[in-house]
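The values are calculated or read from the model by the stated rules, or taken from the named source; none is laboratory data. Being a predicted model, the structure only gives us computed values, none of them experimental. Cβ placement follows ideal geometry from the backbone for every residue including glycine, while neighbour counts extend to all protein chains displayed.
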């Protein structure tokens, strides 16, 4: 399999979800009654007089653009180069990332212009959250759509963008840029099949 047009396989789109928007919401100021990492939507964790954060009070289809963008946890998994087998439709992950991904911060280097620079970049919306089987189980959009709440390491919960890396959920440390890799060699970087 390769990314080339002559092969039976074609690249599946790498999708950048967001770089921190300038007007993105800040983590909610909350005082837990008890410490429970990843408590998510448990109403027993927060006192009744506190305002609940937007991700606990709105459905994904009710969120503003800024709220939607703030949900991206910065794992970088959407930005992995994927290969699709044209015969079976199977998606294979590689340990290569989109050349626009900063492999240290796991954020897009040019978020505002990503679609012009990377025509196969996908905009993650609710329809794609529900249809892309390769979105990781850890994805905040997927977790909320499935009613699971945000994980303890999500920056909106922890208040720290590094907790996703500390938890080992991001691609930091094991991914490399696709830049300079010939298309015919991309299949050599396959690490697994999407389930």
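Annotations for the structure displayed:
- Whichever residue in segment 148-182 is free of Cβ contacts under 8 Å to residues at least 12 places away in the same chain and under 15 Å from the mean Cα position of the chain (by Cα) and, among such residues, is nearest to residue 56 (Cα to Cα): 163
- Of everything in segment 102-117 that is in contact with a helix residue (DSSP H, G or I) (Cβ under 8 Å, 6 or more places away or on another chain) and part of a loop (DSSP other than H, G, I, E, B), the residue that is farthest from residue 64 (Cα to Cα) is 106.
To keep it simple, each residue is scored yes or no on (1) in a strand (DSSP E or B); (2) farther than 24 Å from residue 189 by Cβ; (3) at pLDDT 95 or above; (4) in contact with a strand residue (DSSP E or B) (Cβ under 6 Å, 6 or more places away or on another chain).
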| site | (1), (2), (3), (4) |
| --- | --- |
| 99 | no, no, yes, yes |
| 119 | no, no, no, no |
| 123 | no, yes, no, no |
| 138 | no, no, yes, no |
| 143 | no, yes, yes, no |
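- Candidates 133, 127, 117: the one that is free of Cβ contacts under 8 Å to residues at least 40 places away in the same chain and either under 18 Å from residue 80 (Cα atoms) or surrounded by 15 or more Cβ atoms within 10 Å (Cβ to Cβ) (or both) is 117.
- Members of segment 65-89 found to be without any contact (Cβ under 8 Å) to a residue 24 or more places away in the chain and over 18 Å from residue 128 (Cβ atoms), listed by number: 88
- Taking every residue in segment 90-113 that is on the phi > 0 side of the Ramachandran plot and surrounded by 16 or more Cβ atoms within 10 Å (Cβ to Cβ) and pairing it with any residue that is part of a strand (DSSP E or B) and modelled with pLDDT of 95 or more, at least 6 positions away or on another chain, the pairs with Cβ-Cβ distances below 9 Å are 106/97.
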